[in-house]
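See structure below.
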Amino acid sequence: MSAKNEKLDMLRHSTAHVMAEAVLKLFPGSKVAIGPSIENGFYYDFDLPRPIKEEDLPENEKEMRRIISGNHDFVREEISKEKALELFKNQAYKVELINDLPSDTIISIYTQGSFTDLCRGPHVANTKEINPQSFKLMKTAGAYWRGDINRPMLTRIYGTAWEKPNELKDYLNMLAEAEKRDHRKIGKDLNFFHIDEENPGEIFWHPNGWTIYSIIKDYVRDKIRKDGYVEVNTPFVMPRTLWERSGHWSKYKENMFITESEKRLFALKPMNCPGHVEIFKHKLRSYKDLPLRMAEFGSCTRNEAGGALHGIMRVRGFVQDDAHIFCTEDQIPEEVAKFCNLLKDIYKDFGFTDDKIAVKFSTRPEIRVGTDEDWDRAEAALADACEKAGLEYELQPGEGAFYGPKLEFTIFDALNRPWQCGTIQVDYQLPSSERLNAEYIGADNAKHNPVMLHRAVLGSLERFIGILIENFAGALPAWLHFQQVAMIPVAPAFNSYAEEILNKLQDAGFRAAADFGSDNMKGKIKTAQLQKIPYMLVVGEKEKTEGSVTVRFRDGRPQQIMKIDDFIAYISDKVNSHFVGI
């Protein structure tokens with residue numbers, strides 16, 4: 001974390017404490033739980049004597065400003081567990097947290113004004129460092145204590161805090177723009193998909209949305225085929241025994257949907273990797289077969305918590321543009337570099353150029369499989385690959401997968417919001433003799449375990465489509481949009497000419513449709529604009545006589561009169577080059 005981010009994190013954490021002090025003054029008898037800083041802000045959980053409404057938040061902000069104006073120091077003190085239990089004896093949630101600590105633990109507390117909290121810190125030195133015009137309480141929500149549905153439901157108050165008022169203003173403006181771009185709203189307006197309340201986290205794709213989905217899948221399929229991948233498909237349901245051997249049963253079981261048949265346990269696959277190893281093992285492999293790049297548009301299911309689900313961005317059922325590269329250790333650098341080039345090429349066609357991509361290197365997590373020696377080799381190999389690929393990255397200690405280190409590729413959208421999508425992970429564990437025992441015959445005629453590179457470019461197709469919808473506010477590039485051209489006759493007398501043009505467009509491979517409805521021309525244009533169709537071709541007497549079309553553009557640029565062949569050549573160039581626009 002940069003020094004600036006550390007300072008902002010400290011400021012937000014301190015503001016959370018001020019908010020807690022204000023809540024205790026406005027709601028006497030409240031119980032406090034936890035209040036960390038989070039991305040773009042902070043929250044604090046409370047057990048309140050009466051429900052708090054969002055209309056109460058301005059009064060809470062007013063009290064916070066009064067506290068800030070008192071210029072209170074944040075005073076740190078270290079005390080024993082026994083003293084902490086006595087100090088917080090009327091705060092049941094704090095007592096529970098304290099009791100979870102070893103008996104000889106030295107506990108730190110922070111006090112500002114009339115509020116004392118159990119806290120590691122750090123904090124700002126004084127409340128005067130919190131600008132009273134640079135924070136805002138945003139919303140309330142329910143949150144189970146310690147994330148356990150069997151524990152009390154608490155009230156969570158979210159806020160945001162910044163160093164300067166203009167930073168708060170910019171953030172609130174971004175949120176307003178993000179609300180307009182919300183993929184759930186646009187998805188409904190453009191008839192892309194719906195999600196049934198009784199089937200949370202599973203998507204019903206409508207024709208418009210499925211057209212986009214299929215375009216993206218076909219595009220990626222063509223790219224990876226040209227890059228030397230073979231495509232496979234593995235079962236959706238696989239036995240517990242396989243997941244035990246892979247290590248997922250012990251490390252990931254709580255996220256898996258489990259079923260039983262004939263007194264045997266099975267799991268709906270949450271990822272595709274064990275299935276790909278099984279295909280690799282199905283015949284004897286030689287070192288001459290490596291690298292073997294095996295791809296799958298794998299349907300996966302994960303038991304995500306209901307509260308974490310979010311439109312098509314966070315779901316239970318999804319498809320990954322997944323692939324696994326089986327290679328030797330000395331092939332890792334070349335394969336990682338090759339993958340990075342593929343990823344950048346694909347991202348560029350969706351509008352995410354190099355300046356909108358950030359790379360993070362995630363190292364061994366606390367819970368992992370394999371020896372430290374294995375991890376040393378894997379991390380060194382990936383670092384070497386980054387150097388050879390010329391990749392600049394930010395280090396993320398402890399954020400690797402449980403089986404190996406990884407690179408994560410984050411893209412930044414039109415609002416400069418980060419979205420982690422692509423990844424490549426070095427895995428010595430899954431194909432090892434201790435796990436799934438994938439083997440190949442080396443040049444020495446001995447058996448060896450390959451290295452397995454897990455990689456995805458888009459990640460979840462569902463989530464990536466949600467990102468695209470919000471990035472382009474639904475106005476997808478012409479090569480991606482579900483309908484590229486709308487034919488609009490000015491009157492029924494020109495329907496036959498419109499249909500003639502429509503047939504030419506469809507024969508040329510474009511997604512086009514004609515509006516022969518009862519609306520007048522202006523109504524039809526408005527309908528096409530609401531559908532964010534890139535090109536609207538208006539035809540009437542003049543166009544029919546000249547064999548032309550009047551082209552209206554979605555982005556509002558001046559309309560043009562073109563011969564139909566010229567228009568086809570124009571959009572062919574835009575579509576075939578994957579131009580990010582129209």
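The values are calculated or read from the model by the stated rules, or taken from the named source; none is laboratory data. This structure is a prediction, so every number in the text was calculated from the model and none was measured. Reconstructed Cβ throughout: ideal geometry from the backbone, glycine too, with neighbour counts over all protein chains shown.
Answer yes or no as to whether residue 304 is in the same structural domain as residue 280 (by TED's automatic domain parsing), among the charged types (D, E, K, R) and assigned to a helix (DSSP H, G or I).
no
Any chance segment 102-123 includes a residue that's aromatic (Phe, Trp, Tyr), farther than 21 Å from residue 22 by Cα, in contact with a helix residue (DSSP H, G or I) (Cβ under 9 Å, 6 or more places away or on another chain) and surrounded by 14 or more Cβ atoms within 10 Å (Cβ to Cβ)?
no
To keep it simple, each residue is scored yes or no on (1) of a type in the set (Lys, Arg); (2) in contact (Cβ under 8 Å) with a residue 12 or more places away in the chain; (3) buried (at least 18 other Cβ atoms within 10 Å of the Cβ).
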position	(1), (2), (3)
22	no, yes, yes
33	no, yes, yes
41	no, yes, yes
54	no, yes, no
59	no, yes, no
62	yes, no, no
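Please verify whether residue 283 is outside any helix (DSSP H, G or I), over 29 Å from the mean Cα position of the chain (by Cα) and of a type in the set (Lys, Arg), treating the condition exactly as stated.
Yes; evaluated as a whole, the condition is true for this residue.
Could you check residue 354 against (1) of a type in the set (Asp, Glu); (2) closer than 22 Å to residue 228 by Cβ; (3) under 21 Å from the mean Cα position of the chain (by Cα) and say which number it fails?
Result: residue 354 passes all but (2).
Return the only residue of 366, 296, 334 being over 22 Å from residue 220 (Cβ atoms) and among the acidic types (Asp, Glu).
Of the residues listed, the single one that is over 22 Å from residue 220 (Cβ atoms) and among the acidic types (Asp, Glu) is 366.
Where in segment 469-582 are the strands (runs of 3 or more DSSP E), entirely inside, with at least 1 residues that are touching a residue at least 24 places away in the same chain (Cβ under 8 Å) and touching a strand residue (DSSP E or B) at 6+ places or on another chain (Cβ under 6 Å)?
Correct list: 485-489, 512-514, 535-539, 548-553.
Give the number of residues within segment 221-234 that are part of a helix (DSSP H, G or I) and in contact with a helix residue (DSSP H, G or I) (Cβ under 7 Å, 6 or more places away or on another chain).
Number of matching residues: 1.
If you go through segment 397-416 one residue at a time, how many are of a type in the set (D, E, K, R) and surrounded by fewer than 16 Cβ atoms within 10 Å (Cβ to Cβ)?
1
Looking at (1) surrounded by fewer than 17 Cβ atoms within 10 Å (Cβ to Cβ); (2) part of a helix (DSSP H, G or I), which one does residue 50 not meet, given that it meets all the others?
(2)
For segment 131-187, give me each residue that is in a loop (DSSP other than H, G, I, E, B) and of a type in the set (A, V, I, L, M).
The answer is 149, and nothing else.
Can you give me the number of residues within segment 338-367 that are loosely packed, with under 15 Cβ neighbours inside 10 Å, more than 24 Å from residue 398 (Cβ to Cβ) and touching a residue at least 60 places away in the same chain (Cβ under 8 Å)?
Number satisfying all stated conditions: 1.
Select, from 231, 197, 177, the only residue that is surrounded by fewer than 17 Cβ atoms within 10 Å (Cβ to Cβ), modelled with pLDDT of 95 or more and either out of contact with any Leu (no Cβ under 9 Å at 6 or more places or on another chain) or farther than 30 Å from residue 531 by Cα (or both).
231
Out of all the residues in segment 368-387, is one or more part of a strand (DSSP E or B), touching a Gly at 6+ places or on another chain (Cβ under 7 Å) and in contact (Cβ under 8 Å) with a residue 40 or more places away in the chain?
No, every residue in segment 368-387 fails to be part of a strand (DSSP E or B), touching a Gly at 6+ places or on another chain (Cβ under 7 Å) and in contact (Cβ under 8 Å) with a residue 40 or more places away in the chain.
Taking residue 581, is it surrounded by fewer than 13 Cβ atoms within 10 Å (Cβ to Cβ), under 30 Å from residue 411 (Cβ atoms) and either among the charged types (D, E, K, R) or not assigned by TED's automatic domain parsing to the domain that holds residue 192 (or both)?
Here the answer is no, as residue 581 does not meet what is asked.
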